[in-house]
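Undergrad: Pasting a structure below so you can have a look.
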Amino acid sequence: MPRLSHALLRRAYNISPLLPLVLRETRSLSSAINELRWLREHVDKTMSHRVPSQKWRTLLKLCQRRAIGEPLQYILGTQPFGELEIQCQPGVLIPRPETEAYTTHLAKLLIKARRSFHQTLGNEQNPLKIVDFCSGTGCISLLLYSLLTKVYPRLEIVGLDISKKALDLSIQNVRFNDLKRSAQQSVRFEFSDVLGDEEKILDKFQGVCDVIVSNPPYISEDGFNKETTRSVRNWEPKLALVPNASRRETIHFNGDSGNSPLIKVEDVFYYRLLRFYFLLKSKILVMEVGDEAQAKRVAQMAIGSSDRIEIWRDWPDQHESGSESAEYMFLGNYEIVVKGTGMVRAVVLLSNQHFEL
């Protein structure tokens, strides 16, 4: 990490003596100014009855925590996620804006599908069933509930995670967001090992689940050590970022008894998610990925298992300036629609029967 120039540090100090502390981690003066403002607002809100000297000492401690790389979301305790405010704690992955963007886009597709195919996708007798694998804070499950409950008469959303700390936090987030009482019947969070509990998961959904969404661990050990930021490496849970190498296995998808190649460690969850998509007869599967190379590998795995495969970028609702034409990616002769702007973020499988082209 390059050193900050003395000129930049002096400029920051002249704005506020606390600003150089925040600047050490943000590396950008404009970002540091914003973060210091949020930290000051947090202190004012949580210590409204304290004297100024106490507020100053508290603000100094928060800035010192930020200076050593502690994520701002852990310091403030929350992260905005759509119309929700998600509580964040050390040991549980922090929700990202890109995850919020594809979750919102997924909700829009489901709302459109409900209005177009209302007899076949969730009704008064049969709830729309959604499973959120590796659910973490519960942000995806809760935002989907918040957006879909206005349109779908019945919802059954299940978040599954292997981390007890994450499960406890997700349950707190239901209460923290003051979601109406029906959320406590429509949304639940449960312990599950996605790689090892296949039969239990199939039984849980009685063999059918309409929607699968997942932000699984997808970073390689090498990528974690060399490509992630110091803040991520030192503070966020490795369990939620890097698949355990000992869990790598050969998975025969869709009953294939042939010899499958040994998969990359960072891709192990995708084989399992694709298998659940097939076995649970799902209509749509949304899988977050790390980069374009991984997206291509995952899409290659999925060819032949779905009516349609799409790749979503960071902002799937947006178009490049002045362009409304579709972008395509080709894997051999297979054509994949690429939606949105930004970096490649998700691989999506869809049923043409339920989702219009």
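The values are calculated or read from the model by the stated rules, or taken from the named source; none is laboratory data. Because the structure is a prediction, the values reported are computed rather than measured. When we count neighbours, we look across all protein chains shown, and the Cβ atoms used for this are built from the backbone with ideal geometry, even at glycine.
Undergrad: Tell me which of these S48 doesn't satisfy, since it passes every other one: (1) farther than 22 Å from V92 by Cα; (2) surrounded by 12 or more Cβ atoms within 10 Å (Cβ to Cβ).
TA: Unmet for S48, out of (1) farther than 22 Å from V92 by Cα; (2) surrounded by 12 or more Cβ atoms within 10 Å (Cβ to Cβ): (2).
Undergrad: Here are some residues: S30, S48, S53. Which one is at pLDDT 95 or above and not assigned by TED's automatic domain parsing to the domain that holds S135?
TA: S30
Undergrad: Any residue at all in the range 218-239 that's more than 18 Å from the chain's Cα centre (by Cα), free of Cβ contacts under 8 Å to residues at least 40 places away in the same chain, surrounded by fewer than 20 Cβ atoms within 10 Å (Cβ to Cβ) and within 29 Å of F278 (Cα to Cα)?
TA: Looking through the range 218-239, none of the residues is more than 18 Å from the chain's Cα centre (by Cα), free of Cβ contacts under 8 Å to residues at least 40 places away in the same chain, surrounded by fewer than 20 Cβ atoms within 10 Å (Cβ to Cβ) and within 29 Å of F278 (Cα to Cα).
Undergrad: Could you tell me whether the range 46-65 includes any residue that is within 19 Å of V232 (Cβ to Cβ) and of a type in the set (F, W, Y)?
TA: The answer is no, given that none of the residues of the range 46-65 is within 19 Å of V232 (Cβ to Cβ) and of a type in the set (F, W, Y).
Undergrad: If P20 meets every condition in (1) surrounded by fewer than 16 Cβ atoms within 10 Å (Cβ to Cβ); (2) at pLDDT 95 or above apart from one, which number is that one?
TA: (1)
Undergrad: Can you pull out the residues in the range 332-357 that are basic (K, R) and assigned to a loop (DSSP other than H, G, I, E, B)?
TA: Hits for the range 332-357: nothing passes.
Undergrad: Going residue by residue through the range 159-168, is there one that turns out to be touching a Cys at 6+ places or on another chain (Cβ under 7 Å) and of a type in the set (V, I, T)?
TA: No: the range 159-168 contains no residue that is touching a Cys at 6+ places or on another chain (Cβ under 7 Å) and of a type in the set (V, I, T).
Undergrad: Another one. For residues in the range 269-295 being out of contact with any Asp or Glu (no Cβ under 6 Å at 6 or more places or on another chain), more than 21 Å from T228 (Cβ to Cβ) and charged (D, E, K, R), which is surrounded by the most Cβ atoms within 10 Å (Cβ to Cβ)?
TA: R272
Undergrad: Among the candidates P95, P80, which residue alone is outside any helix (DSSP H, G or I), touching a strand residue (DSSP E or B) at 6+ places or on another chain (Cβ under 6 Å), of a type outside the set (F, W, Y) and closer than 23 Å to D178 by Cβ?
TA: Exactly one residue qualifies, and that residue is P95.
Undergrad: Another question, then. What is the number of the single condition among (1) at pLDDT 95 or above; (2) within 22 Å of G223 (Cβ to Cβ) that L279 does not meet?
TA: With respect to (1) at pLDDT 95 or above; (2) within 22 Å of G223 (Cβ to Cβ), L279 is out only on (2).
Undergrad: Considering only the range 1-59, give the helices (runs of 4 or more DSSP H) lying wholly within it that have at least 2 residues that are of a type in the set (V, I, T) and under 30 Å from the mean Cα position of the chain (by Cα).
TA: Where helices (runs of 4 or more DSSP H) fall fully within the range 1-59 and carry at least 2 residues being of a type in the set (V, I, T) and under 30 Å from the mean Cα position of the chain (by Cα), they are 19-26, 29-46.
Undergrad: Still on this model: For the range 276-331, which residues satisfy the criterion of being over 21 Å from the mean Cα position of the chain (by Cα), closer than 19 Å to E356 by Cα and not in a loop (DSSP other than H, G, I, E, B)?
TA: R308, E327, Y328
Here is a yes/no grid of residues against (1) at pLDDT below 95; (2) over 24 Å from P243 (Cβ atoms):
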position	(1), (2)
L273	no, no
M287	no, no
D291	no, no
A299	no, no
G322	yes, yes
L331	yes, no
G342	no, yes
Q353	yes, yes
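Undergrad: Let me ask something else. Mind listing whichever residues of the range 239-252 are part of a helix (DSSP H, G or I), touching an Asp or Glu at 6+ places or on another chain (Cβ under 9 Å) and at pLDDT 85 or above?
TA: A240, the sole residue that qualifies.
Undergrad: Just to be sure, is I219 assigned to a loop (DSSP other than H, G, I, E, B) and not charged (D, E, K, R)?
TA: Criteria met by I219.
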